[in-house]
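The values are calculated or read from the model by the stated rules, or taken from the named source; none is laboratory data. Everything numeric here is computed off the predicted structure, so don't read it as measured data. Neighbour counts are summed over all protein chains in view; Cβ atoms, including those assigned to glycine, are modelled from backbone coordinates with ideal geometry.
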Amino acid sequence: MCGRFTLGNPQNVQKRFATSNKIPIFEPSYNIAPSQTVPVVTRNSPNKITMMRWGFAWSKNAKHGTINIRKETTKEKKYFQKILLNQRCIIPSDGFYEWRTVNLEGKDEKYPFFIYLNNRPLFGFAGLYNKLVDAEGKPIYTFAILTCPPNSVIKEVHHRMPAILEEKNEDSWLEPETEDFERIYTLIKPYPSEEMKLHPVSRRVNNPKNDDEKITKPFKEVKLF
């Protein structure tokens, strides 16, 4: 799963994803947590940035939503088959965290690992979104990040990974309504392992109030192997 991610260069989102509008005020964040509102890219002749709450909601009264949706679920459940065909989005990011149990001084403890692409460029998670309307008629947008089996790098820390789109596939992912389910489904896949890196970080990440670039730095007391 993916329970925290980063967006340290939000000012680059418009250029990177060729959006027609500028990103609303959004400060760099290194510890984005569920229920927070973040910039999300959708196709709206052309691409558009929309602020959405992390947690796919079925009801306007839901306080919490589904933060991750398994790739397999989009094929197994008819509801999500329709969502996959019609309500896809890209969530800009430059890194994310996963937790693994490590042995530190003879004691097993869970520590977070920061995972990113080589040279830390912006990338896009494959996501699904929902649009609801509140009591005043205002739109409410929520989203979830799709997950898939891990590549060889992520496998060292977790049995699932967020689906990161290869840049060459982003336009296909954002295409308007399509009936070609299998073609879209195949875009949800593990990112090439040779293009990814990870390192352990401080458990300060566990508290979303800790939101500074220092939490992405290597925590030398912990080793992966």
Practice task
Could you check Glu179 against (1) over 28 Å from Thr50 (Cβ atoms); (2) more than 21 Å from the chain's Cα centre (by Cα); (3) of a type in the set (Asp, Glu) and say which number it fails?
Solution key: (1)
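Tell me the residue from Glu156, Glu167, Glu194 that is among the charged types (D, E, K, R), within 19 Å of Glu98 (Cα to Cα) and either under 18 Å from the mean Cα position of the chain (by Cα) or at pLDDT 95 or above (or both), please.
Glu194
Counting only residues that are in a strand (DSSP E or B) and within 13 Å of the chain's Cα centre (by Cα), which one in region 112-126 is surrounded by the most Cβ atoms within 10 Å (Cβ to Cβ)?
First, the residues of region 112-126 that are in a strand (DSSP E or B): 112-117, 123-126.
If we keep only those that are within 13 Å of the chain's Cα centre (by Cα) too, we end up with 115-116, 123-126.
On the way: Ile115: 24, Tyr116: 20, Phe123: 23, Gly124: 24, Phe125: 23, Ala126: 26.
My answer is Ala126.
Please go through region 51-62 and give me each residue that is closer than 22 Å to Glu170 by Cβ and surrounded by fewer than 20 Cβ atoms within 10 Å (Cβ to Cβ), ordered by number.
Initially, region 51-62 is screened for residues closer than 22 Å to Glu170 by Cβ, giving 51-52, 54, 56.
The answer is Met51, and nothing else.
Yes or no, residue by residue, for (1) assigned to a strand (DSSP E or B); (2) buried (at least 19 other Cβ atoms within 10 Å of the Cβ); (3) of a type in the set (Ser, Thr, Tyr); (4) touching a Gly at 6+ places or on another chain (Cβ under 6 Å):
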position	(1), (2), (3), (4)
Ile91	yes, yes, no, yes
Leu128	yes, yes, no, no
Lys131	yes, no, no, no
Ile145	yes, yes, no, yes
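Would you please name the residue that is modelled with the lowest pLDDT, looking only at residues in region 170-187 that are part of a loop (DSSP other than H, G, I, E, B) and farther than 17 Å from Val41 by Cα?
Let us first name the residues in region 170-187 that are part of a loop (DSSP other than H, G, I, E, B), namely 175-180, 186-187.
Then drop every residue that is not farther than 17 Å from Val41 by Cα, which leaves 178-180, 186.
Numbers: Thr178: 82, Glu179: 87, Asp180: 93, Thr186: 97.
Here the answer is Thr178.
Only residues that are aliphatic (A, V, I, L, M) and at pLDDT below 90: list them for region 100-132, please.
Kept after step one, since they are aliphatic (A, V, I, L, M), are these residues of region 100-132: 102, 104, 115, 117, 122, 126, 128, 132.
Passing the criteria: Val102, Leu104.
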Practice task
Confirm whether Leu7 is surrounded by 15 or more Cβ atoms within 10 Å (Cβ to Cβ), at pLDDT 95 or above, out of contact with any Leu (no Cβ under 6 Å at 6 or more places or on another chain) and closer than 30 Å to Val201 by Cα.
Solution key: yes
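Out of curiosity, is Thr42 in contact with a Phe, Trp or Tyr (Cβ under 6 Å, 6 or more places away or on another chain) and either closer than 19 Å to Met1 by Cβ or surrounded by 18 or more Cβ atoms within 10 Å (Cβ to Cβ) (or both)?
Values: in contact with a Phe, Trp or Tyr (Cβ under 6 Å, 6 or more places away or on another chain): no; either closer than 19 Å to Met1 by Cβ or surrounded by 18 or more Cβ atoms within 10 Å (Cβ to Cβ) (or both): yes.
It is false that Thr42 is in contact with a Phe, Trp or Tyr (Cβ under 6 Å, 6 or more places away or on another chain) and either closer than 19 Å to Met1 by Cβ or surrounded by 18 or more Cβ atoms within 10 Å (Cβ to Cβ) (or both).
Filter region 54-99 down to the residues that are among the hydroxyl-bearing types (Ser, Thr, Tyr) and either over 25 Å from Leu117 (Cβ atoms) or at pLDDT below 95 (or both), then identify the one that is nearest to the chain's Cα centre (by Cα).
We begin by selecting, within region 54-99, every residue among the hydroxyl-bearing types (Ser, Thr, Tyr); these are 59, 66, 73-74, 79, 93, 97.
Cutting the leftovers down to either over 25 Å from Leu117 (Cβ atoms) or at pLDDT below 95 (or both) gives us 59, 66, 73, 79.
Working: Ser59: 22, Thr66: 12, Thr73: 17, Tyr79: 21 Å.
In this case the residue turns out to be Thr66.
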Completion exercise
For Pro92, the lone unmet condition from (1) under 15 Å from Asn31 (Cα atoms); (2) in contact with a Phe, Trp or Tyr (Cβ under 6 Å, 6 or more places away or on another chain) is (2)
Exercise for the section: Look at Gly106 and say whether it is under 12 Å from the mean Cα position of the chain (by Cα) and at positive phi. Expected result: no
